[in-house]
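**Student:** Sharing a structure, written as structure tokens. Questions coming.
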Amino acid sequence: MTDFLLELRSEEIPARMQARAREDLQKLFAGELGKAGIAAGRITTYATPRRLVLIAHDLPERTEPVREEVKGPRASAPPQALEGFLRKTGLTREALTERDGVLFAVTEVPGRETAAVLAAAIPAIVRAFPWPKSMRWGAASLSPESPRWVRPLQGIVALFGSDVVPCDVAGVTSGAVTLGHRFHHPGAITIGSAADYVEKLRACHVIVDQDERAAIIAVGAKMAAQGAGLTLVEDEGLLAENAGLTEWPVPLIGRFDEAFLAVPPEVIQLTARVNQKYFVCRDGDGKLANAFVCTANIDAADGGERIVAGNAKVLAARLSDAKFFYETDLKTRLEDQLPKLEKIVFHEKLGTVADKVERVAKLARWLVESGIILPGTGRGTAGAAGGGGGLPSPETAANADTPLHHPADGPPPRAGEDMALADMAERAARLAKADLVTGMVGEFPELQGLMGGYYAAAQGERAEVAEAVRDHYKPVGQGDDVPTAPVTVAVALADKLDSIVQFFAVGLKPSGSKDPFALRRSALGVLALLLDNGIRVSLSKATAAAGATAHEDVLDFFADRLKVQQREAGVRHDLIDAVFALGGEDDLVRLLSRVHALQAFVTTEDGANLLAGYKRAANILKKEAPGTSKHIPETGEEDPLAEVEDPDFAPIVAEYARTEREKRDYDREPAEAALITALDAAEPQAAAAIAAEDFAGAMAALASLRAPIDAFFTDVTVNDADPHKRTARLSLLARVRDAVHRVADFSKIEG
């Protein structure tokens, strides 16, 4: 077995493209060799600014012979069919093999030298390489058929063992010679094989392993900061980028003028990171220090003094620009920037950013005035969603004229406090997007919201308003902080709900992998805000307030996102479906409380047995009660006692009610009577627990049915010859099913 080395050397490869390029090189290489039936024992890839490298370990010297077989027509087929097959295969009739009356073309493909396979694979890989951006170069670039590469390809090292694999790509011929570091060792280096490649380049000031370069930068930058009595602000993305910009990394620390610290620290860090690829540092108090760490690509004779001085000079120019933007923006109040939002299109179907601001401001106020967001708690009320525990029903909540309040939150807020919070929420919402037209955000869009918070605080806005302006985009992704301050929560919820509802209203819903307006992310943000803060709100009511016209589409969208979010937390999706299937449950805090209790219950022995008993009862009822009539079978009269949750079982209940009225009772089996007694006790207990939102208590009440149900199916014949007994027992099973359905639709539960 032999190792193969491929180095594709070019002018600078952008750091952001290197990781993907390594993956693509490995994939294309494996694919080309796979066509010849070759598989490497292991493949290693490297990337530096000037080279893309692959080492394939344990390749065979030759490919194995391959037997190829092509099925043809039947031996009795018309001559025209046979002639067509012979033309296709290039064989004669005598060369075909017949099996079971069918003709086959069987050919033996001899093995090939692996070196020959590699020689053909290299140009194919270069031509097929999917660079995000690429270019043609040299005289060959005059032809549209010429190869493309990220930057002009300058050299190819292709060694199978110690032998050169001969190939040519756009005039670049393969060999065993490469170049070392651009400054430290620009001369030619002859590579003996894959085994000595890494160390020979290291000796010439090139570290080919990107992970090793990143580790050198990480340790060196920390040590440089510690040597100055500072702490490095770590940044994994910046670390990878610096590793992709250097072949011989040398971290160096420098200083900038303390006067620039008057600019917000996030601006300084972003300026250093984006424009110059520098790390920043903090002092002993955790404040941003006037220091930076750059990564040189050379081991300078003066210890890097001139490099640091040059970088400090460039950084000073960048920070001067940032300081100018900041000071200029401070001269204009945020509210005076608002008219400019009328000239920015939010979306062609949804108007301007000013239109969105108006909608969000109204919705943020509604969230407070409806009692969903309470002052000083960071929590919401359960009343807006209905429920038990002394809370209004969903119908009462939907039509309430006064803010709803959860008793657990203490005394209701005074009107003045509530109005102040509503005013602050509306004020923050109206100012939240104003920084979009500032100079600083124009230069660094990543700072939107953050700069608005700084400007709001500087112009004397209340701390709650400035904080809401700053954080209203949060959470923007998994792991991001979730706001808890009431004003911030109101604006953040309003902003995200508005985006979801409005885009749905104009038919711009996420589809498949496409989500151009990041609505899935907005939905996850809404879920995080509601669940982390324990906010009790009916999503139907909230989306209606946001302007939703198709509630079901939006609610289904939130249900899907909830399943995704909760699946990562270990919650089963079928249990979420089981609770959603009850209908009318769109208070997510209460819904998840019910789901968590259900998940804990169904994993117990009692829960598993009750589920099995429920499914047996449901199957019998489905088979025996296909009708939907609510009339007494014999008289045809409407039966007022036949109101059950599922109309499919109305005939059973109607018949049972009729026979009960006629006092045609019978001696019940002991197991039958025991199940009735158990239901008489469990039903009110479960109902009371559900009303109090004690879902674990409701499950415990249902668990008491397990043994009576098991005994019922063991000792009682449901389909008794006596039609009265049969009807009564089916009605009893319907009662069991209805009792269980008060907690969740067990038919949706798997298992």
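**Student:** Quick one: is Ala600 over 13 Å from Glu750 (Cβ atoms) and at pLDDT below 85?
**Tutor:** Values: over 13 Å from Glu750 (Cβ atoms): yes; at pLDDT below 85: no.
Judged against the criteria, Ala600 is not a match.
**Student:** Does Ala650 satisfy being surrounded by 14 or more Cβ atoms within 10 Å (Cβ to Cβ), assigned to a helix (DSSP H, G or I), modelled with pLDDT under 90 and hydrophobic (A, V, I, L, M, F, W, C)?
**Tutor:** For Ala650, the condition - surrounded by 14 or more Cβ atoms within 10 Å (Cβ to Cβ), assigned to a helix (DSSP H, G or I), modelled with pLDDT under 90 and hydrophobic (A, V, I, L, M, F, W, C) - is met.
**Student:** Follow-up question, since we're still on this one. Across the range 72-107, what is the total count of residues that are out of contact with any strand residue (DSSP E or B) (no Cβ under 6 Å at 6 or more places or on another chain) and closer than 28 Å to Ile38 by Cα?
**Tutor:** Here the count works out to 2.
**Student:** Another question about this same structure. Has the range 416-438 got any residue that is among the polar types (S, T, N, Q), at pLDDT 50 or above, buried (at least 17 other Cβ atoms within 10 Å of the Cβ) and within 24 Å of Thr484 (Cα to Cα)?
**Tutor:** no
**Student:** Cβ-Cβ under 6 Å, sequence separation 6+ or interchain: first residue in the range 98-117 and in contact (Cβ under 8 Å) with a residue 60 or more places away in the chain, partner in a strand (DSSP E or B). Which pairs?
**Tutor:** Thr114/Leu59
**Student:** Identify the single condition in (1) surrounded by fewer than 19 Cβ atoms within 10 Å (Cβ to Cβ); (2) closer than 18 Å to Arg737 by Cα that Ala692 does not satisfy, given that it satisfies every other one.
**Tutor:** (2)
**Student:** Only one of (1) modelled with pLDDT under 95; (2) under 37 Å from the mean Cα position of the chain (by Cα); (3) not aromatic (Phe, Trp, Tyr) fails for Gln337. Which number is that?
**Tutor:** (1)
**Student:** Do you know which of the residues in the range 43-57 that are within 18 Å of Thr2 (Cβ to Cβ) and touching an Asp or Glu at 6+ places or on another chain (Cβ under 7 Å) is surrounded by the most Cβ atoms within 10 Å (Cβ to Cβ)?
**Tutor:** Ala56
**Student:** Right, next: Of the residues Thr63, Thr92, which single one is within 23 Å of Ala119 (Cβ to Cβ) and hydroxyl-bearing (Ser, Thr, Tyr)?
**Tutor:** Thr63
**Student:** Out of Lys340, Lys349, I need the residue that is basic (Lys, Arg) and assigned to a loop (DSSP other than H, G, I, E, B). Which one?
**Tutor:** Checking each option against the conditions leaves just Lys349.
**Student:** Please pick out the residue among Arg462, Arg470, Arg520 that is surrounded by 15 or more Cβ atoms within 10 Å (Cβ to Cβ), in contact with a Lys or Arg (Cβ under 7 Å, 6 or more places away or on another chain) and among the basic types (Lys, Arg).
**Tutor:** The match here is Arg520.
**Student:** When the range 490-532 is examined, which residues are found to be among the β-branched types (Val, Ile, Thr) and closer than 23 Å to Gln566 by Cα?
**Tutor:** The answer is Ile500, Val501, Val526.
**Student:** So Ala188 fits all but one of (1) within 17 Å of Phe4 (Cβ to Cβ); (2) more than 42 Å from the chain's Cα centre (by Cα); what number is the exception?
**Tutor:** Looking at each condition in turn, Ala188 falls short on (1).
**Student:** Same structure, new question: Restricting the range 448-481 to residues that are under 22 Å from Asp498 (Cβ atoms) and hydrophobic (A, V, I, L, M, F, W, C), which is nearest to the chain's Cα centre (by Cα)?
**Tutor:** Across the range 448-481, the extreme among qualifying residues is Val476.
**Student:** Which one is surrounded by the fewest Cβ atoms within 10 Å (Cβ to Cβ), of the residues in the range 1-40 that are among the β-branched types (Val, Ile, Thr) and more than 35 Å from the chain's Cα centre (by Cα)? Working first, answer last.
**Tutor:** Pass one, the range 1-40, residues among the β-branched types (Val, Ile, Thr): 2, 13, 38.
Of the ones still in play, those that are also more than 35 Å from the chain's Cα centre (by Cα) are 2, 38.
Details: Thr2: 18, Ile38: 20.
The extreme case among them is Thr2.
**Student:** If you check Lys343, Lys313, Lys277, which single one turns out to be out of contact with any His (no Cβ under 6 Å at 6 or more places or on another chain), of a type in the set (Lys, Arg) and in contact (Cβ under 8 Å) with a residue 24 or more places away in the chain? Give the derivation first.
**Tutor:** Numbers: Lys343 fails: in contact (Cβ under 8 Å) with a residue 24 or more places away in the chain; Lys313 fails: in contact (Cβ under 8 Å) with a residue 24 or more places away in the chain.
Lys277 is the lone residue from the list that is out of contact with any His (no Cβ under 6 Å at 6 or more places or on another chain), of a type in the set (Lys, Arg) and in contact (Cβ under 8 Å) with a residue 24 or more places away in the chain.
**Student:** Related question: In the range 478-498, what residues are free of Cβ contacts under 8 Å to residues at least 24 places away in the same chain and either in a helix (DSSP H, G or I) or small (Gly, Ala, Ser) (or both)?
**Tutor:** Of everything in the range 478-498, just one residue is free of Cβ contacts under 8 Å to residues at least 24 places away in the same chain and either in a helix (DSSP H, G or I) or small (Gly, Ala, Ser) (or both), namely Gly479.
**Student:** Turning to a different aspect of this structure: Among the residues of the range 21-36, is there at least one that is farther than 30 Å from Ile298 by Cα, of a type in the set (Asp, Glu) and either assigned to a loop (DSSP other than H, G, I, E, B) or touching a residue at least 40 places away in the same chain (Cβ under 8 Å) (or both)?
**Tutor:** Among the residues of the range 21-36, at least one is farther than 30 Å from Ile298 by Cα, of a type in the set (Asp, Glu) and either assigned to a loop (DSSP other than H, G, I, E, B) or touching a residue at least 40 places away in the same chain (Cβ under 8 Å) (or both), which makes the answer yes.
**Student:** If we scan the range 276-297, do we find a residue that is closer than 19 Å to Ala15 by Cβ, at pLDDT below 95 and not in a loop (DSSP other than H, G, I, E, B)?
**Tutor:** Checked against the condition, which is being closer than 19 Å to Ala15 by Cβ, at pLDDT below 95 and not in a loop (DSSP other than H, G, I, E, B), the range 276-297 yields at least one hit.
**Student:** Now for a separate question. Looking at the range 229-256, which of its residues are surrounded by 15 or more Cβ atoms within 10 Å (Cβ to Cβ) and assigned to a loop (DSSP other than H, G, I, E, B)?
**Tutor:** If the condition is that a residue be surrounded by 15 or more Cβ atoms within 10 Å (Cβ to Cβ) and assigned to a loop (DSSP other than H, G, I, E, B), then Leu230, Val233, Asp235, Thr246, Glu247, Trp248, Pro249, Phe256 are the ones that fit.
**Student:** Quick check on the range 160-184: of everything there that is of a type in the set (Gly, Ala, Ser) and not in a strand (DSSP E or B), which residue is surrounded by the fewest Cβ atoms within 10 Å (Cβ to Cβ)?
**Tutor:** Per the criteria, the residue is Gly171.
**Student:** Counting just the residues of the range 443-464 that are free of Cβ contacts under 8 Å to residues at least 12 places away in the same chain and in a helix (DSSP H, G or I), which one comes out farthest from Phe325 (Cα to Cα)? Steps first, please.
**Tutor:** Just the residues of the range 443-464 that are free of Cβ contacts under 8 Å to residues at least 12 places away in the same chain, to begin with: 445, 457, 460, 463.
Add one more test, that the residue is in a helix (DSSP H, G or I), and what stays is 445, 457, 463.
Details: Pro445: 13, Ala457: 17, Ala463: 23 Å.
Among those residues, the one meeting the criterion is Ala463.
**Student:** Is there a residue in the range 292-309 that is of a type in the set (Phe, Trp, Tyr) and in contact (Cβ under 8 Å) with a residue 40 or more places away in the chain?
**Tutor:** Looking through the range 292-309, none of the residues is of a type in the set (Phe, Trp, Tyr) and in contact (Cβ under 8 Å) with a residue 40 or more places away in the chain.
Results for (1) under 29 Å from Ile576 (Cβ atoms); (2) free of Cβ contacts under 8 Å to residues at least 24 places away in the same chain; (3) over 44 Å from the mean Cα position of the chain (by Cα), shown as yes or no for each residue.
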| site | (1), (2), (3) |
| --- | --- |
| Gln685 | yes, yes, no |
| Asp694 | yes, yes, no |
| Ala698 | yes, no, no |
| Ala701 | yes, yes, no |
| Val718 | no, no, yes |
| Ala721 | no, yes, yes |
| Thr727 | no, no, yes |
| Ala734 | yes, no, no |
| Ser747 | yes, no, no |
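**Student:** So, Asp515, is that one among the acidic types (Asp, Glu), modelled with pLDDT under 95 and under 22 Å from the mean Cα position of the chain (by Cα) or not?
**Tutor:** Yes, satisfied.
**Student:** Out of Glu68, Glu145, I need the residue that is at pLDDT below 85, assigned to a strand (DSSP E or B) and out of contact with any helix residue (DSSP H, G or I) (no Cβ under 9 Å at 6 or more places or on another chain). Which one?
**Tutor:** On the way: Glu145 fails: assigned to a strand (DSSP E or B).
Residue meeting the stated conditions: Glu68.
**Student:** Another question, then. When you scan the range 606-628, do you find a residue that is modelled with pLDDT of 85 or more and part of a loop (DSSP other than H, G, I, E, B), even just one?
**Tutor:** no
**Student:** Is it true that some residue in the range 183-190 is without any contact (Cβ under 8 Å) to a residue 40 or more places away in the chain and under 30 Å from Val293 (Cβ atoms)?
**Tutor:** Yes - at least one qualifying residue is present in the range 183-190.
**Student:** Still on this structure: Let me spell it out: the conditions are (1) within 25 Å of Gly477 (Cβ to Cβ); (2) in contact with a Leu (Cβ under 9 Å, 6 or more places away or on another chain); (3) outside any loop (DSSP other than H, G, I, E, B), and Val537 meets all of them except one. Which number is the exception?
**Tutor:** It is condition (3) that Val537 fails.
The values are calculated or read from the model by the stated rules, or taken from the named source; none is laboratory data. If you're wondering where the values come from, they're calculated on a predicted model, not measured in any experiment. All Cβ positions, even for glycine, are placed from backbone atoms using ideal geometry, and neighbour counts span all protein chains on display.
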